[in-house]
Amino acid sequence: MVQCDILEDNVDIFGKGGVGMDRRPWGKGDERWFWVWLCAAPLLLILSIEFITRVSPLSVFSWLGREPAAFLLTYLAVACLMLLAALAVKRLWIGILIPAVPALILCVVNYLKLSVNGIGLVVSDMALAGNAGTLMEFMPPKLRFPGWGILATVLLVGAVAAAKVLAPALPKDLQGKCRRGIAALIAVAVAAAVLLAPWFYYTGPKAETQAERDDRLGLLAGLYGGVLRAVSRSMNAPPPDLDPADPSDLIEALAPVSPSPSQGLFPDLTAKRGKLPTVIMLMSQSICDPAVVLPGVEFETDPVANFHAICKSTPSGVFLTNSYAGGTGNVEMEVFTGIPAGLVPERDTLTTLSAVGAYANAPSIVKAFGEAGYHTAMIHTYNDQLYNRRNNLADIGFDDMTFEADFPSDTPRQGPYLSDMALTDAVIEKLEEKADGEPLFLYALSMGNHQPIFEGKYTQPSGLGTSSTLLDEEDLGSVDALAQGLHNADVALGALVDYLEDYDEPVILVFWGDHLPGMYVTPDHSIFSALGYVPTADIAQWSAETVKQMYSTNYFVWNNYGARLKAPKEVGAMQLGSLTLGWAGVEKPAYFQWVDMSKENLREYHGSLYVDGAGTPTLQVPQEDEGLLNTYRQFLYDVLYPKETQAWSSGLTDYAALGW
């Protein structure tokens, strides 16, 4: 029988004689050091993370005064985890490191993402953890970590070293198995109470974004709150913003869908009449109009002269994206499926749908083109590691795919990536390979202008005569690198249009930018804010109008056979695919007819922005549009998450009976 003597003579964690009674010097191995460093390490870890994340010391101390409960909860949780780890390995310094190392790694990754995108980590980013090596290639070579964060981290490392030297063993009252077990149970109980009891405090209000949650709770508790929010939405219960609909109600809501007239009928051109047009959708990395997004920067030579010339003679406008500086896969998936990014559960993104068979079940324009007799192909001048493209794009309907490894080894490069001209050459080769009259739907995605964008990205300056009185030398060098990437993409675009003008079959070219380029230098400084394109680098302070502005790029639709295609001055990512079906004269499935109908109230919706049918942006969903989103969301849950839906809905809708 194991005997536990909890109250043992001469055992006092504060020293003999009670608190403050022991006047002995604190030498190496003194048990009091264990408790000092156990108390100090969580504080230093939290300060390290917050100084790095918030950059400004003033903002850290402001948070401590504004949200003491968040700090206290985080402190207790970290202290309990360190104590549990120390009890398990019998060494305090290792116990400190076990939770501190992954926490600091999360902090650094969050800082890197903030420095590139201006947006920190969200729960769904964890799905890309396996691609960390690839993602690191997109980081700029010069990163400036905040000095206060580095200092706090150094102090934390010092505390670990001091704990190793001064507290090499557990205190005597924690060395027995029974006593360690009781201490561990107490730590688990406290940790459980701290982590689970304030569940709704962590998850926050319904409309709270991850950035707002991080600002309120701190990075560690904020990310934990995001995890809890995701868990609460996957426990066989409807999401909190969805009222389970009866199938008959949903059928009634969807029944008014009726075919819309095609907008892409050919004019009476004898040589081309009766042929289905080849459709090329070209998404160009970080394409934008520097005359708009870089106020205060002058160029002796227009970096995007071809783009400007084309937009003057063909329908063009603003493209509302769901991303900034990254997340290209989510943009392409929204275009293909018409699913607004804001309707996907928080645990997922459009590129990481967790339900088995979600992409095979998802509606897509690629499938619609395939059913209309088109061969469907895609070309991307980068690898297939990100976004699981090789599998997911096949599931949504692509017949064949070409990635970087399929290009010849001597293909020209543009900085670190295959050039945009190489993509143009591949598109032309695909057109020349196809049989005469065979309808082709081709999606092309460039890489040449991808981040990182920094001074010295290319071996030579752009030669475009870039100048600005608002930027320092290094920032101006980054802008010149961006201008060079834009110019290379523009030259490739001009070459493609020149070829298509003389192509002997009808062609529609839909061209757009996936997102604005990442121009953050640190989380509190961006080139866009330095130029006055946005009022501040702090996204949390942006108005709805500023958010919309930063989620806007450009698009145009061009053709070589004289069709007068109608195009809105502003289009959301969820609508561009359906518009393309119309321009091509392809019969739209009922789902995309629903997308067309919904644009009267909904133009774009993602986590931090709602744009209504009139183009008015708000940071929260207007109450009058909640009904539309509920119907939309119900349909998508039925299709993408059927097993979850069956658990809480009165049954699945028979979409086949609706002709969907």
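The values are calculated or read from the model by the stated rules, or taken from the named source; none is laboratory data. As the structure is a computational prediction, the values presented were derived from the model and not from experiment. A quick note on method: Cβ atoms are made from the backbone with ideal geometry, for glycine too, and the neighbour counts reach across all protein chains shown. The area values use the complete protein model at the heavy-atom level, side chains included, leaving out ligands, DNA and RNA. Shrake-Rupley method; radii C 1.70, N 1.55, O 1.52, S 1.80 Å.
Taking 0.36 nm per residue of separation and subtracting the Cα-Cα distance, what length does fully extending Glu626 through Leu58 add? Each step should come with its number before you reach the end.
On the way: separation 568, 0.36 × 568 = 204.48 nm, distance 3.90 nm.
Length gained between Glu626 and Leu58: 200.6 nm.
Residue-wise HN-Hα couplings along the range 485-495, as the Karplus relation 6.51 cos²θ - 1.76 cosθ + 1.60 with θ = phi - 60° gives them from phi, are x, 4, 5, 4, 5, 5, 4, 5, 4, x, 5 Hz; Gly and Pro carry x. For a straight C-alpha distance cut-off of 17 angstrom, the aspartates and glutamates reachable from Lys275 (same-chain residues fewer than eight places away being disregarded) are Glu371, Glu432, Asp436, Glu438, Glu501, Asp502, Asp504, Glu505, Glu587. Regarding the range 377-468, what is the average projected area of its C-alpha convex hull, in nm²? Computed as one quarter of the Cα hull surface, the answer is 8.2 nm². Split the accessible area of the range 19-110 by element, probe 1.4 Å, and carbon with sulfur accounts for 75%.
Within a straight-line Cα-Cα reach of under 26 Å, Lys206 can be paired with the following lysines, leaving aside sequence neighbours fewer than 8 residues apart in one chain: Lys113, Lys548, Lys599, Lys643. What the Cβ-Cβ distance of Ser409 and Asp498 gives, at R0 = 22 Å and to the nearest 0.05, is a FRET efficiency of 0.20. Diagonalising the gyration tensor over the Cα atoms of the range 289-344 and scaling each eigenvalue by 5 before taking the square root yields semi-axes of 29, 15, 9 Å, largest first.
Sequentially through the range 319-333, phi angles give Karplus couplings (6.51, -1.76, 1.60; θ = phi - 60°) of 9, 8, 9, 9, 8, 9, 6, x, x, 4, x, 5, 5, 5, 5 Hz, Gly and Pro residues having no value and appearing as x.
Of all the accessible heavy-atom surface of the range 164-224, with the other protein chains kept in place and a 1.4 Å probe, what percent is carbon and sulfur? Intermediate results must be reported in sequence, preceding the final value.
Details: 2200 of 2970 Å².
Its accessible area is 74 percent carbon and sulfur atoms.
Its residue count N fixes a reference of 2.2 N^0.38 Å for the range 496-650, and the Cα radius of gyration divided by that reference is 1.29. Model label sites at Thr618 and Ala540, defined 7 Å from Cα along the beta-carbon direction, differ in position by 2.4 nm. Based on Cα atoms of the range 339-408, Rg over Rh with Rh as the Kirkwood radius reads 1.00.
Taking a straight Cα-Cα cut-off under 21 Å and skipping sequence neighbours fewer than 8 places away in the same chain, the lysines within cross-link reach of Lys90 are Lys28, Lys164, Lys172, Lys177.
Less than 5 angstrom separates the built amide H of Asn559 from those of Leu509, all sequence-distant by 5 or more or on a different chain. Give me the distance between the Cα centres of the range 163-223 and the range 425-473, rounded to whole Å. So the separation of the two Cα centres works out to 48 Å. When only the Cβ of Lys, Arg, Asp and Glu is charged (+1, +1, -1, -1), the dipole of the range 22-120 relative to its Cα centre reaches about 180 debye.
Carbon and sulfur atoms: what percent of the 1.4 Å accessible area of the range 379-468 do they account for? Mind dumping the intermediate values first?
Working: 1660 of 3710 Å².
After summing per-atom areas, the C and S share lands at 45 percent.
Rolled with a 1.4 Å probe across the full set of protein chains, the surface gives Ile287 an accessible area near 10 Å².
So, for the range 358-500, what is the accessible surface per residue at a probe of 1.4 Å, expressed in square angstrom? Walk me through the numbers before you get to the answer.
Working: 5400 Å² over 143 residues.
Result: 38 Å² of accessible area for each residue.
For Met281, the residues whose modelled amide H falls within less than 5 Å of its own, excluding neighbours fewer than 5 places apart on the same chain, are Leu442, Tyr443, Ala444, Val510.
The distance separating the Cα centre of the range 375-421 from that of the range 339-354 comes to 23 Å. The range 50-105 and the range 289-330 have Cα centres separated by 43 Å. Here's the picture: charge each Lys and Arg Cβ at +1 and each Asp and Glu Cβ at -1 in the range 158-213, and of Ala192, Val165, Thr209 the one pushed furthest to the positive end of that dipole is Val165.
Summing Lys and Arg as +1 and Asp and Glu as -1 over all other residues whose Cβ lies under 15 Å from the Cβ of Ile396 gives a net charge of -4. Computed from label points 7 Å out along Cα-Cβ, the spacing between Ala291 and Asp400 is 4.0 nm.
How much accessible area per residue does the range 270-333 have, counting only protein heavy atoms and a probe of 1.4 Å, in square angstrom?
Details: 2280 Å² over 64 residues.
Per-residue accessible area for the range 270-333 comes out at 36 Å².
Using θ = phi - 60° in the Karplus curve 6.51 cos²θ - 1.76 cosθ + 1.60, the 3J(HN,Hα) couplings for the range 504-510 round to 8, 10, x, 9, 10, 10, 10 Hz; x is entered for Gly and Pro.
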